[in-house]
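Notes to accompany the following structure.
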Amino acid sequence: MSVLLLRLAGPLQAWGSAARFAHRSTENAPTKSGVLGLLAAAQGRPRQADLSDLAALRFGVRIDQPGSRLRDFHTAHHADSGKAMPLSERFYLADAVFVAGLEGDPALLQQLYAALLCPRFLPYLGRRSCPPAQPLDMGPPQDTLLDEALRHAKWQASCWYVQQLQRTAGRDATAGPEVLDVLLDCPPGDVPDFSLRDTPVSYDPRHRRYALRGVRSTQATAVRPDTPPAHEPTVGLTPVPHGTPATTTPPRTT
């Protein structure tokens, strides 16, 4: 088996698994339907295309930076009649960062990775109004297991978020390494911690269909990225030998 990892970071994200009339919520982490839809769009698959190969991939996501929930209001028009739709209430995740992973057939994952580098349609994070702020690419598929890949991938949180946590930890003598929540597809036969209806069956806008998916929740310790060396502005200066008389600058004349 191989695993493909994606970095999902942006000013706004929206990963809804349910929508009731004018209320459009978001989950606290990317959904399987949202991430597979991103990859299907990168491949240029039509909305009526068969999704069985994508749906068979095992999915997982690590919450590197949970972000904060934001509410907004939207207006829209019916696609056929052009009539104004009721005002809708929509929720987003602001300043969130996730690492999503897919495990499965190496050939399929390599095709998805190639599409990710040169997408047919521009990717977005759940809704078209949510473009990614960082590259989705985290490297080609790797020969490992999904939980191992998510456990060992470098922490992708923003610098300001990490510094904020460090300041908080500095005031807490008992603070330890940062612990990240991980959500994985539940193996067949195991009892899931909770369920989501977010496995895509069809993206046809006139009849979207999703299947139920069991999810297991676990945790991973954050693997901090390598810290760049501190900037030293005098490192390129040649030291003056001891005993050399100091040069003086002539006074400035006007």
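The values are calculated or read from the model by the stated rules, or taken from the named source; none is laboratory data. Everything quoted here is computed from the prediction, not taken from an experiment. Note: ideal-geometry Cβ built from the backbone for every residue, glycine included; neighbour counts use all protein chains shown. For accessibility, only protein heavy atoms count, side chains too; no ligands or nucleic acids. Shrake-Rupley method; radii C 1.70, N 1.55, O 1.52, S 1.80 Å.
Residues satisfying the criterion are absent from segment 190-206 (criterion: at pLDDT below 90 and either over 21 Å from Leu51 (Cβ atoms) or under 24 Å from the mean Cα position of the chain (by Cα) (or both)).
Exactly one residue out of Pro86, Pro106 is modelled with pLDDT of 95 or more and open to solvent by 60 Å² or more (accessible area, probe 1.4 Å), and it is Pro106. Against the definition (surrounded by 11 or more Cβ atoms within 10 Å (Cβ to Cβ), among the β-branched types (Val, Ile, Thr) and either more than 28 Å from Arg45 (Cα to Cα) or in contact with a His (Cβ under 7 Å, 6 or more places away or on another chain) (or both)), how does Thr218 come out, yes or no? So Thr218 fits the description; yes. Taking first residues from segment 132-150 that are at positive phi and of a type in the set (A, V, I, L, M, F, W, C) and partners that are in a helix (DSSP H, G or I) and open to solvent by 40 Å² or more (accessible area, probe 1.4 Å), no Cβ contact under 9 Å between residues at least 6 apart in sequence or on separate chains turns up. Cβ-Cβ distances below 6 Å connect the following pairs, each with a first residue in segment 154-166 that is over 11 Å from Pro225 (Cα atoms), a second residue that is open to solvent by less than 80 Å² (accessible area, probe 1.4 Å), and a separation of six or more residues or different chains: Tyr161/Gln65.
Before we move on, is Leu102 within 17 Å of Gln156 (Cα to Cα), in a strand (DSSP E or B) and in contact with a Leu (Cβ under 8 Å, 6 or more places away or on another chain)? Break it down into steps so the answer makes sense when it comes.
On the way: within 17 Å of Gln156 (Cα to Cα): no; in a strand (DSSP E or B): yes; in contact with a Leu (Cβ under 8 Å, 6 or more places away or on another chain): yes.
So Leu102 fails the test.
Scanning for something basic (Lys, Arg) and within 23 Å of Thr26 (Cβ to Cβ), does segment 182-202 turn up at least one residue? Taking every residue of segment 182-202 in turn, at least one turns out to be basic (Lys, Arg) and within 23 Å of Thr26 (Cβ to Cβ). Of the residues examined, Leu125 is not one that is at pLDDT 95 or above and open to solvent by 30 Å² or more (accessible area, probe 1.4 Å). Among the residues of segment 178-187, are any in contact with a Phe, Trp or Tyr (Cβ under 7 Å, 6 or more places away or on another chain), part of a loop (DSSP other than H, G, I, E, B) and either open to solvent by less than 40 Å² (accessible area, probe 1.4 Å) or closer than 22 Å to Ala14 by Cα (or both)? Within segment 178-187, none of the residues are in contact with a Phe, Trp or Tyr (Cβ under 7 Å, 6 or more places away or on another chain), part of a loop (DSSP other than H, G, I, E, B) and either open to solvent by less than 40 Å² (accessible area, probe 1.4 Å) or closer than 22 Å to Ala14 by Cα (or both). Considering only segment 21-43, state which residues are of a type outside the set (S, T, N, Q) and open to solvent by 30 Å² or more (accessible area, probe 1.4 Å). Listed by number, the residues that qualify are Phe21, Ala22, His23, Arg24, Glu27. I'd like to know if segment 58-71 contains one or more residues that are aromatic (Phe, Trp, Tyr), part of a loop (DSSP other than H, G, I, E, B) and crowded, with 17+ Cβ neighbours inside 10 Å. Looking through segment 58-71, none of the residues is aromatic (Phe, Trp, Tyr), part of a loop (DSSP other than H, G, I, E, B) and crowded, with 17+ Cβ neighbours inside 10 Å.
Is it the case that some residue within segment 151-168 is in a strand (DSSP E or B) and crowded, with 17+ Cβ neighbours inside 10 Å?
Looking only at segment 151-168, we keep the residues that are in a strand (DSSP E or B), and these are 154.
Then drop every residue that is not crowded, with 17+ Cβ neighbours inside 10 Å, which leaves none.
Within segment 151-168, not a single residue is in a strand (DSSP E or B) and crowded, with 17+ Cβ neighbours inside 10 Å.
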